[in-house]
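S.K.: Submitted below is the structure of interest, expressed as C-alpha cells.
Please treat every number below as a calculation from the coordinates, not as lab data. For clarity, every value in this text was computed on a predicted model and none was experimentally measured. Neighbour counts are summed over all protein chains in view; Cβ atoms, including those assigned to glycine, are modelled from backbone coordinates with ideal geometry.
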Amino acid sequence: MQYLKIITWLLFVFSMLLLVSCDPGQIIRIENTSGAAASIEFVFKKGKEYYEFEDLRNGEVLFLQLSPGAPDSVKDFHFGIGHWKVQGSLDSLVAMVESVEIKSASATITYSGNEQVQTFFEDRIEGRMDQMILISIN
C-alpha cells in the first residue's frame with residue numbers, strides 16, 4: 001500500500017515537471033481594436049506551407065474580416081509548441097508569406113517582401129516566452 005502511494009506521488013511530480021518544462025504553444029492572434037470593421041489579408045508564396053492556417057485559405061490568399069465587437073473581433077491561429085524566437089521558427093513563417101495587407105477605417109497598410117514581412121512579425125512578438133505574434137488593428 002505504501003509502495004503504491006510513493007509510485008503515484010512520483011508519477012504526479014514527474015508529470016508536473018514535464019508540463020512546467022514544456023514550451024508554450026505558438027499563436028498568431030489578430031485582433032480588431034479600432035471600433036470599426038477591419039480586415040487583414042495574407043498572400044502566401046506558392047508551394048510554401050510550413051504552417052497550417054486551418055482551412056480558411058482561398059488558394060494562396062487568407063482574407064479575414066474582423067468586426068468591431070466581440071467575439072468576431074479576434075482570431076487565433078495555433079501552431080503547436082515552441083516560441084517564435086527559436087531559430088527557424090519565424091524564418092519559416094516569413095518564407096511562406098508574400099505580403100500582409102491591413103485595412104481599417106483610418107488606413108490601408110501593406111507589408112511586402114522578406115524584409116518588411118520579417119520586421120512586421122518580429123515587432124509583434126509578445127508573451128513571457130515569446131509565444132505569441134499579436135497583430136492589433138487600431
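S.K.: Residues being surrounded by fewer than 20 Cβ atoms within 10 Å (Cβ to Cβ) and part of a strand (DSSP E or B): count how many of those fall in region 25-39.
M.R.: Within region 25-39, residues that are surrounded by fewer than 20 Cβ atoms within 10 Å (Cβ to Cβ) and part of a strand (DSSP E or B) number 5.
S.K.: Could you tell me whether ILE137 is under 23 Å from PRO24 (Cβ atoms), in contact (Cβ under 8 Å) with a residue 40 or more places away in the chain and among the β-branched types (Val, Ile, Thr)?
M.R.: no
S.K.: Any idea how many residues of region 110-128 are exposed (fewer than 12 other Cβ atoms within 10 Å of the Cβ) and either aliphatic (A, V, I, L, M) or part of a loop (DSSP other than H, G, I, E, B) (or both)?
M.R.: 2
S.K.: Name every residue in region 95-127 that is touching a residue at least 40 places away in the same chain (Cβ under 8 Å) and either more than 14 Å from PHE44 (Cα to Cα) or of a type in the set (Lys, Arg) (or both), in order of residue number.
M.R.: Hits for region 95-127 are ILE102, LYS103, SER104, ALA105, SER106, ILE125, GLY127.
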